[in-house]
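Visitor: Attaching a single structure in structure tokens format; questions to follow.
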Amino acid sequence: MAGVTLRKVFKRYGDVEAVRGIDLDIADEEFVVLVGPSGCGKSTTLRMIAGLEDISDGEIAIDGYVVNDVPPKDRDIAMVFQNYALYPHMTVAENMSFGLRLKRYPKAEIKTRVDEAARILDITELLERKPKALSGGQRQRVAMGRAIVRNPKVFLFDEPLSNLDAKLRVQMRTEIKKVHLKVRTTTVYVTHDQVEAMTLADRVVVMNGGLIEQIGPPNELYHHPKTRFVAGFIGSPAMNFIPVRLEEASGALNLHISGGIVLRVPAARTERYKPFAGRQGLLLGLRPEHITETSATMEPGVEPFDIRLDVIEPMGNETLVYFTIEKDTMCGRVNPNAGAADGQPMRLAANLNHMHLIDPGGAVL
């Protein structure tokens, strides 16, 4: 078991900087997920930790030892790939034990480790099968088993669920989390799927353009994003962003929105936002669950407004409603019995106790 440290790590391909001086500390036994859109540098970062990519500048340490010049086989890490990388001519047991056999571990110890990993992953009955006789989820378990038997200092997962169908992805997310709770090994996991990141991670590292935008526990990133990018990337459906003009009137602050909509800023946030009154280019950030149907009694900070809906999406336990403000499509979540209908007017309520005010540079104020 070991921590992983990255200090001012760069990766350059010619004139292109894929990773741009990132700093990251991963604690022993922690499950950290690197998440971001394609091309953000997350997989490159993982491959540099593994030693599959040379770093252009900076320092990577595992268990306190700098490994910049240490070959992958000597870093005591185990990697689970997107494509499983199983040998088709070997049984499950042979695939799982292959690395141990190369290192000439005693047969009895190999069997003990394979049997234990198979028990943890619930694949004991599959040990004599070959990969062609396995489902995608079973193959992924075997790939994880091959990593577990090595008892490495660090597990590295490179988008391991991207080849699975939606239902199996959900199931395997749960399995990976269960395995981590049983085998408390430091884990670095890469995905472009923010739902995977939120459900699996102790901490999430949101990357964009080769930089780290924010690091934190899933709930912190969801409720307290520091940038517009993080606010928009984390959460499904995504956060709404609405151009606003912030104006002070009689000691209160009002948000002026296109179409004559005026919303009063909650008193608890007035002092915080007062310095930004009159500033150009501000955005209001509000998650769909904070735009709902009105009720007879609404708490302070919940502001009603009238809108015409474009379309609705009944989801069973809730209905997603979509409407347009200044050519931007907004999304809210309402009760299925709230009377929402395609193309019809509706009175909605914005819970500004959960609002985010974003400056033109993308920082959350």
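Derivation of every value follows stated rules applied to the coordinates shown; laboratory data play no part. Being a predicted model, the structure only gives us computed values, none of them experimental. We place every Cβ from the backbone using ideal geometry, glycine too, and count neighbours over all the protein chains shown.
Visitor: Please express the Cα-Cα pair-distance distribution P(r) of segment 4-226 as a list of whole percents, one per 5 Å bin, running from 0 to the bin with the greatest distance.
Guide: In whole percents, the pair-distance histogram is 1, 7, 15, 18, 19, 16, 12, 7, 4, 1, 0.
Visitor: Then there is this: Only Cα pairs within less than 10 Å get springs; with that Gaussian network setup on the chain, which residue of 287, 12, 150 has the largest fluctuation?
Guide: Between 287, 12, 150, it is 12 that shows the largest mean-square fluctuation.
Visitor: Under a straight-distance cross-link criterion of Cα-Cα below 20 Å, which lysines are reachable from residue 178, leaving out those fewer than 8 residues away in the same chain?
Guide: Here the lysines satisfying the reach criterion relative to residue 178 are 153, 167.
Visitor: While we're on this one: Going Cα to Cα from residue 226, which lysines come in below 24 Å? Please leave out same-chain ones fewer than 8 positions away.
Guide: 8, 42, 274
Visitor: Report D for segment 183-230 in µm² per second (integer): Stokes-Einstein, Kirkwood Rh on Cα pairs, 25 °C, 0.890 mPa s.
Guide: 216
Visitor: Which FRET efficiency, nearest 0.05, do residue 317 and residue 125 yield, Cβ-Cβ r, R0 25 Å?
Guide: Efficiency for this residue pair is about 0.10.
Visitor: Please list, in order along segment 95-109, the HN-Hα scalar couplings obtained from phi with the Karplus expression 6.51 cos²θ - 1.76 cosθ + 1.60 (θ = phi - 60°), rounded to whole Hz, x for Gly and Pro.
Guide: After applying 6.51 cos²θ - 1.76 cosθ + 1.60, I find 4, 5, 9, 4, x, 5, 5, 4, 8, 6, 5, x, 4, 5, 5 Hz.
Visitor: Would you mind calculating the relative contact order of the chain from Cα pairs under 8 angstrom and at least 6 residues apart, reporting the percent as a whole number?
Guide: 15
Visitor: Sticking with this one: Restrict the search to segment 159-219; then list the trypsin sites (Lys or Arg not before Pro) that DSSP places in a loop and that have at most 11 other Cβ atoms within 10 Å of their Cβ.
Guide: Passing both the DSSP loop test and the Cβ count: no residue.
Visitor: Straight distance only, please: which aspartates and glutamates reach the Cα of residue 103 with their own Cα at less than 20 Å, same-chain residues fewer than 8 apart left out?
Guide: Candidates past the 8-residue exclusion: 74, 76, 94, 115, 116.
Visitor: Search the structure for amide H atoms under 5 Å from the amide H of residue 80, placed 1.01 Å from N in the peptide plane, and list their residues when 5 or more places away or on another chain.
Guide: So residue 80 has HN proximity to 156, 157, 158.
Visitor: In a Gaussian network model over the chain where Cα atoms closer than 10 Å are linked, find which of 48, 346, 207 has the largest mean-square fluctuation.
Guide: 346
Visitor: Under 4 °C and 1.567 mPa s, how fast does segment 205-354 diffuse according to Stokes-Einstein, given a Kirkwood radius computed over C-alpha pairs? Answer in µm²/s, whole number.
Guide: D, rounded to a whole number, is 79 µm²/s.
Visitor: Provide the per-residue ³J(HN,Hα) series for segment 46-58, in order, calculated from phi with Karplus coefficients 6.51, -1.76, 1.60 and θ = phi - 60°, each as a whole number of Hz, with x at glycine and proline positions.
Guide: 4, 5, 5, 4, 6, x, 7, 10, 6, 8, 7, 6, x
Visitor: Mind checking the full-extension length gain between residue 219 and residue 116? Use 0.36 nm per residue of separation minus the Cα-Cα distance, one decimal, nm.
Guide: Between residue 219 and residue 116, full extension yields an extra 33.7 nm.
Visitor: Long-range amide H contacts for residue 67: which residues qualify at under 5 Å (H placed 1.01 Å from N, peptide plane, sequence gap of 5 or more or a different chain)?
Guide: Answer set, sorted by chain and number: 60, 61, 62.
Visitor: When ranked by the protection proxy of mean other Cβ atoms within 10 Å per residue, highest first, what sequence do the peptides 315-324, 348-357 form?
Guide: By packing density, highest mean first, the sequence is 348-357, 315-324.
Visitor: Relative contact order (percent) for segment 240-358, with alpha-carbon contacts under 8 angstrom and 6 or more residues of separation?
Guide: Rounded, it is 29 percent for segment 240-358.
Visitor: Right, another one. Looking at the chain as a GNM with Cα springs under 10 Å, which of 211, 102, 246 has the largest mean-square fluctuation?
Guide: 102
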